[in-house]
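Inspection log for the structure reproduced underneath, given as structure tokens.
Every read-out reported here was derived from the displayed coordinates using simple, explicitly stated rules and does not represent laboratory data. Bear in mind the structure is a predicted one, so any value in this text is a computation, not a measurement. Here Cβ is always computed from backbone atoms with ideal geometry, including for glycine, and neighbour counts include all displayed protein chains.
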């Protein structure tokens, strides 16, 4: 939507500018349930608010397929243009990916800025990234997304064709911009390779210490950071918003009469997570490959919890970590009445019900995590771990992880 500027507030919203007002739109194909499209559009509204804009009209068009030039039908685009004029909206957001030509044509037809879900998520990540690593990863994803759109911005000059009289500033600027971006992309990739090497050293240190590693995974806003704070006594930022946490965290969990373990938290997942982000954040997501146990945190109070679980499972398969021992944690159980809580557990009998906010069910979660990790940790990775219990953790490792 827009990049942060000096003077922005902590949430990344710019100070001194009027908030953008957005129209949201999605296409519903015959194979899709309307409720599914409406839920995705509701999630898009949450993302829009997280980016700092206000949500106006929401539009769903039912079509057999998207159009190549506008994505939406021309009649529907005319209707949306009228809605833009009546509402004073200055931003249009498509819930589905747009090609550069569709984005440009829609912008010309509507007379306002047009972006898609991918660009919106990238904008949120740009606002929320705090660490140097996170900023590198977000910039790489943004530039990868921008490059084909940059080419389209100069398309009107390319129509003139080549040859004498047509080689000029436009073509030179296009090639110059592309070259600068590609050089920056290569530099970012080299820097992220250094990040990956550093993380490999960190993981090797954890292996040598023999400390089990448990990784939290889950849909964005499922309560992973709240659970990490509950288990470790940390005070990381947690809020009822999408993508509050971007930068990975690793903390030591020490509980009476239990063996210490390292608990890691990574960026939350979401449906239609941009491939640019998956690729750019691979160094961060590789933390999951070293986990002894995954704890899949689910917002049990969300009406689309099954769809959220499916989205997380799909990304875990893409990252080739779906075979890890996993504990399903149905969080926010305090928001459900007894009947709905029972129904949630009935559908997932091996799951653990808990409330990270209230602390209920935490000990049951620790028991389940220990059971799932026992067989894996008893193998080769545990060879050098020393005696069980608190004595198995070297002092230096403990001091480093308790920060």
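Some notes on this structure:
- Computed packing ranks the peptides 45-54, 193-202, 84-93 as 45-54, 84-93, 193-202, most packed first, by mean other Cβ atoms within 10 Å.
- A straight line joining the Cα centroids of region 191-236 and region 301-315 runs 22 Å.
- Separation of region 83-123 and region 337-369, taken as the distance between their Cα centroids, equals 41 angstrom.
- With contacts taken as Cα pairs under 8 Å at a separation of at least 6 residues, region 21-125 carries a relative contact order of 34 percent.
- Region 26-82-region 172-189 distance, computed between alpha-carbon centres (Å): 33
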